[in-house]
1. Can you tell me how many residues within the stretch 40-57 are without any contact (Cβ under 8 Å) to a residue 24 or more places away in the chain and either surrounded by 10 or more Cβ atoms within 10 Å (Cβ to Cβ) or not in a helix (DSSP H, G or I) (or both)?
2. Scan the stretch 330-351 and give yes if some residue there is touching a helix residue (DSSP H, G or I) at 6+ places or on another chain (Cβ under 6 Å), assigned to a strand (DSSP E or B) and at pLDDT 95 or above, otherwise no.
3. Sort through GLY229, GLY236 and tell me the only one that's in contact with a helix residue (DSSP H, G or I) (Cβ under 6 Å, 6 or more places away or on another chain) and over 19 Å from GLY72 (Cα atoms).
4. Cβ-Cβ under 7 Å, sequence separation 6+ or interchain: first residue in the stretch 1-26 and part of a helix (DSSP H, G or I), partner at pLDDT below 95. Which pairs?
5. If only one of ALA15, ALA35, ALA75 is closer than 15 Å to SER209 by Cα, among the small types (Gly, Ala, Ser) and at pLDDT 95 or above, which one is it?
6. Mind listing whichever residues of the stretch 359-398 are within 19 Å of the chain's Cα centre (by Cα) and not in a loop (DSSP other than H, G, I, E, B)?
7. Only one of SER373, SER369 is crowded, with 21+ Cβ neighbours inside 10 Å, touching a residue at least 60 places away in the same chain (Cβ under 8 Å) and under 22 Å from LEU292 (Cβ atoms). Can you tell me which?
8. For a quick check of your reading of the model, give me the residue pairs whose first member lies in the stretch 380-397 and is assigned by TED's automatic domain parsing to the domain that holds GLU302 and closer than 14 Å to GLN325 by Cα, whose second is in a strand (DSSP E or B) and modelled with pLDDT under 95, with beta-carbon atoms closer than 8 Å and at least 6 apart or on different chains.
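The values are calculated or read from the model by the stated rules, or taken from the named source; none is laboratory data. What you see is a predicted model; the values in this text were computed from it and never measured. Every residue, glycine as well, gets a Cβ built from its backbone with ideal geometry; the counts of neighbours run over all protein chains shown.
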Amino acid sequence: MQSIQIIREAEKKLADRFRELDEIAYLNQIKVVQAFRKHHLRDSHFNPSSGYGYGDVGRERLEDIFAEVFKGEDALVRPQIVSGTHAIASCLFGLLKPGDSLLGLSGKPYDTMANIIGQDANTRGSLVDRGVNYREIALNKDGTPDYEAIARAVGQNTTMAFIQRSRGYSLRPALPMEQIDKIVRLVKDKSPAAIVMIDNCYGEFVESSEPLEHGADIIAGSLIKNPGGGLAPAGGYIAGRKDLVEMIAYHLTAPGLGKEMGAGLVNRRSFFQGFFLAPHVVLQALKSAVLLAFIFEQYGYEVSPRWDETRADIVQAVLLQDPDQVLRFCQLIQSYSPVDSDLSLEYGEMPGYSDKIVMAAGTFIQGASIELSCDAPLRKPYGVYLQGGLSYEHCRFVIQNLIDDLLL
C-alpha cells in the first residue's frame with residue numbers, strides 16, 4: 001500500500017477523534033475572540049514604544065487579553081522574557097526567598113528546569129544555591145501523580161508546589177486538567193497559603209480549560225510555543241494572581257518599577273494575531289500528532305500518548321531502536337521543513353542539557369516548537385519528541401515521507 005493511501009485510511013478511522021479536537025479548538029477560539037472584543041483592540045495598540053516604555057497602551061492591552069483568556073487577575077507578556085524556561089525561572093526567583101520550601105509534584109523535571117532548581121548539581125545561582133529547600137514527589141510507575149504521597153508531603157511549611165504540565169523529554173504522560181485539578185485541591189486543603197505554580201509550556205489550548213480555572217495561582221509559558229500561534233517572534237508570558245504577578249514583575253525589572261516599564265521595540269501585531277490564531281494552530285499540531293501516533297503504532301512502534309488517549313500537551317513521543325534511527329527520523333523532519341531543509345543534523349552539546357541532543361527545527365522563528373520540530377536527547381530509551389505544526393497539510397506530507405523512509 002502506498003504511503004498516501006495509508007494516511008487516507010488512517011484519517012477515515014480518526015474522523016471521530018478529529019471532531020473531538022475540532023470542538024475543543026472551537027471553544028478555545030470563542031474565549032479568545034470574546035477577550036479581544038471585551039478589551040476593544042485597536043490598530044494603534046500594535047505600535048512599538050521606546051525607552052522606559054511608560055504608558056505603553058499596546059503592552060497593557062496585550063496583557064489584559066492574556067489575563068482574560070487564561071482567567072488570571074493579571075499577566076506579564078513580554079518580548080524581554082527570552083524563553084519558557086526564563087518565564088518559569090522569573091516566577092521561582094521572584095516568589096521564593098532563602099529558607100522557603102519548593103515542592104515538585106510531577107516527578108523529575110526536564111533538563112533546563114533541573115538547572116534552575118540545582119538539586120543534582122551545584123549550579124551557581126540556582127534555587128538550592130540561594131538557600132531554597134527543594135523536594136520532589138515521584139510519579140507512579142504509570143506516570144500518574146502519586147496523590148497519597150503528595151498529601152503526605154504538603155504541609156504548612158510548603159511555600160510553593162510546582163507542577164510540570166508537559167512530559168518534557170520523558171515517556172511519562174502530560175498531566176490533564178482533571179489531574180491538575182485534583183492536585184491543586186490536595187495542596188490547598190493541606191496548606192491554603194501555599195502557592196501552586198504550573199509550568200504551562202506546550203499545554204495552552206490543548207484542553208478546553210486552563211490551570212488557573214482549576215485553582216492554580218500562577219502559570220508561565222513561552223510565546224514561541226502554543227500561545228504565539230507561530231507568529232510571535234519571541235517572548236514569554238506569566239499569568240495569575242495580581243499580587244504574585246506584581247512580585248515577579250519586581251524581579252524582572254526592579255522593586256517599585258514592576259510591570260510599568262518595558263518598551264515594545266517592535267510592532268505588536270504579530271503578538272496579538274498569533275494569540276488570536278493560537279487555538280487553530282494548536283489544533284493543527286494535535287491532529288498531526290494523532291495521525292503520526294496512529295500510523296506508527298500500527299507498525300509496532302511504542303508511542304506516547306497513543307492516538308486515542310487524552311492529550312494534555314502537543315508533544316508526541318515515538319520510541320525508536322537506536323541513536324542512528326533517531327537521527328534519521330529527525331533528519332527527515334529537517335529535510336521537509338520550510339527553512340534550512342538542506343542541513344545535515346548531528347548530536348551536539350546544548351546549554352542547559354545534560355546529554356547531547358539533536359534538534360530538527362527548520363522553523364521561521366528560531367527554535368519555535370509550535371512549528372513542526374523534533375528533539376531527541378542521546379540517551380535511552382531513544383525516543384524522539386515531535387511537537388508543533390503550523391498546518392496539518394504540511395505535517396501530513398512530512399508523515400507521508402516518514403512512512404516511505406522508515407516504515408515501508
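1. Step one: list which residues in the stretch 40-57 are without any contact (Cβ under 8 Å) to a residue 24 or more places away in the chain, which gives 40, 42-44, 55, 57.
Remaining after also requiring either surrounded by 10 or more Cβ atoms within 10 Å (Cβ to Cβ) or not in a helix (DSSP H, G or I) (or both): 40, 42, 55, 57.
The qualifying residues number 4.
2. No.
3. Within the list GLY229, GLY236, the selection yields GLY229.
4. That search, which allows pairs on different chains as well, returns SER3/LEU408.
5. Details: ALA15 fails: closer than 15 Å to SER209 by Cα; ALA75 fails: closer than 15 Å to SER209 by Cα.
Every option except ALA35 fails the conditions.
6. Within the stretch 359-398, MET359, ALA360, SER373, CYS374, ASP375, ALA376, PRO377, GLY383, VAL384, TYR385, LEU386, GLN387 meet the criteria.
7. Exactly one residue qualifies, and that residue is SER369.
8. These pairs meet every condition: TYR382/ALA376; GLY383/ALA376; VAL384/ASP375; VAL384/ALA376; TYR385/ASP375; TYR385/ALA376.
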